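Since the structure comes first, as structure tokens, the remarks are kept for the end.
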Amino acid sequence: MVKQQFYRPNAVPLELRCSENSYACYGKHTHEEFSVGAVDCGQSDYFNNNMECKIEAGSLVIVNPMAVHSCNPVHNTNWSYKMLYVCPKWLGDVQSMIVDNPTKSFTPFSTIHTTSALLYKQFQLLAESIMNDVDDMKVEEESITFFSSLYSNANALNVDSSGPKENVVKAHDFIFANFKNNISIREIAENAGLSEFHLIHSFKKSYGITPHAMQITMRINEAKVLLKKGYDIASVATELGFNDQSHFHRHFKKLVAVTPTQYKR
């Protein structure tokens with residue numbers, strides 16, 4: 001059975017299309033968005049920039065804005081894929097964090113597909129977060145991580161992703177002061193004097209986890225304090241900024257290895 005779904009997160013100007021068991025074929029076409037897609041199952045005949053090739057599961061296709069392209073299942077077969085359509089202006093901002101580009105204009109990618117296992121994994125993590133409608137900060141963080149990696153690897157750039165230690169400490173302090181709030185990667189980066197790209201990479205290098213993971217850790221630590229004081233689970237979840245109780249439950253169990261109910265007893 002063919003299944004098509006579309007997701008549009010609030011945090012980043014992109015659209016995710018998921019297609020399962022599709023036989024649909026597209027004529028050669030263009031669109032204004034940058035797009036990158038993952039082949040999840042099956043094989044595809046891929047045309048882009050006057051080049052043709054066959055791609056299969058584990059591959060990513062990369063399509064610059066207005067490039068004439070098509071990507072269709074091999075004749076008489078079906079396939080499953082995910083496709084991200086991204087605003088070029090936003091992607092230009094991400095690119096400018098990696099290389100010096102004062103205009104922040106979009107730079108076309110120099111390759112049309114990749115079989116990098118790392119990039120494929122990062123794509124799937126981002127897609128999963130979008131589909132599961134997790135909090136905006138995680139989607140923003142994973143979007144910047146994936147697209148900066150894609151740009152660096154697809155264009156063979158030697159990138160220095162480190163940032164000054166004192167700026168990273170500022171980022172940590174800002175998260176600690178605001179961990180209950182719905183803060184964004186951009187807010188943290190601006191407060192720390194770093195680009196979003198350098199924030200994510202430098203923070204993980206210093207603390208071993210991402211800014212979003214640090215925020216969740218701080219929230220769960222506070223949740224333990226509140227639960228021991230007798231606060232009910234629903235009010236704790238709301239107080240600490242979780243979207244709902246299931247969101248809180250999932251993160252609590254992941255970090256504490258028991259449910260909030262079990263911990264509260």
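Worth pointing out:
- Projected area, mean over directions - the range 123-264, Cα convex hull, nm²: 8.7
- Farthest toward the positive end of the dipole of the range 122-241, out of PHE174, LEU226, SER148, is the Cα of LEU226, where the dipole comes from beta carbon charges about the Cα centre.
- The chain, accessible area per residue, ligands and nucleic acids excluded (1.4 Å, Å²): 50
- For the range 129-264: relative contact order, % (alpha-carbon pairs under 8 angstrom, 6 or more apart): 22
- With all protein chains modelled, accessible area of HIS249 [1.4 Å, Å²]: 80
- Apportionment of accessible area to carbon and sulfur, the chain, percent (1.4 Å): 50
- For the chain, built as a Gaussian network whose Cα springs stay under 10 Å, the top-fluctuating residue of HIS247, HIS69, HIS212: HIS247
- Value of relative contact order over the chain, rounded to a whole percent, pairs C-alpha under 8 Å and six or more apart: 14
- Comparing mean-square fluctuations of ALA24, ALA38, ALA127 from a GNM of the chain with C-alpha springs under 10 Å, the top value falls on ALA24.
- A Cβ-based charge dipole, computed about the Cα centre of the range 120-223 with Lys and Arg at +1 and Asp and Glu at -1, lands at about 300 debye.
- Candidates HIS113, HIS29, HIS172, ranked by Gaussian network fluctuation over the chain, Cα under 10 Å, top entry: HIS29
- Helix-only mean residue ellipticity at 222 nm for the chain, each DSSP H run of n ≥ 4 adding -39500 (n - 2.57), per residue, nearest 500: -14000 deg cm²/dmol
- Charged side chains reduced to their Cβ positions (Lys and Arg at +1, Asp and Glu at -1) give the range 56-195 a dipole of some 220 debye around its Cα centre.
- Shape class for the chain: oblate, because the ratio a/c of the largest to smallest gyration tensor axis (alpha-carbon atoms, square roots of eigenvalues) is 1.5 or more and b/c is at least a/b.
- Full-stretch length increase - HIS75, GLU56 - with 0.36 nm per residue and alpha-carbon distance subtracted: 5.5 nm
- Considering only PRO9, GLY92, ALA67, and ranking their Cα positions along the charge dipole of the chain that arises from unit charges at the beta-carbon of Lys, Arg, Asp and Glu, the one farthest toward the positive end is PRO9.
- Total charge dipole magnitude, the chain, about the Cα centre, Cβ charges on Lys, Arg, Asp, Glu only, Debye to nearest 20: 900
- Rel. contact order, % - alpha carbon contacts under 8 angstrom, at least six apart, the range 106-200: 30
- For HIS113, residues with placed amide H under 5 Å, excluding near neighbours: ILE62
- Loop chymotrypsin sites (Phe, Trp or Tyr not before Pro), the range 1-66, which have at most 13 other Cβ atoms in a 10 Å radius of their Cβ (DSSP): TYR23, TYR26
- For the range 71-99 versus the range 202-265, the inter-centroid distance based on Cα atoms is 34 Å.
- A DSSP coil position with no more than 15 other Cβ atoms inside 10 Å describes the following chymotrypsin sites (Phe, Trp or Tyr not before Pro) in the range 217-265: TYR231.
- Partner lysines whose Cα lies under 27 Å from the Cα of LYS3, excluding those fewer than 8 positions away in the same chain, are identified as LYS28, LYS54, LYS82, LYS121, LYS138.
The values are calculated or read from the model by the stated rules, or taken from the named source; none is laboratory data. The shown structure was predicted, so the numbers you read here are calculated from the model rather than taken from an experiment. Every residue, glycine as well, gets a Cβ built from its backbone with ideal geometry; the counts of neighbours run over all protein chains shown. Just the protein is used for accessible areas: all its heavy atoms, side chains included, with ligands, DNA and RNA removed. Shrake-Rupley method; radii C 1.70, N 1.55, O 1.52, S 1.80 Å.
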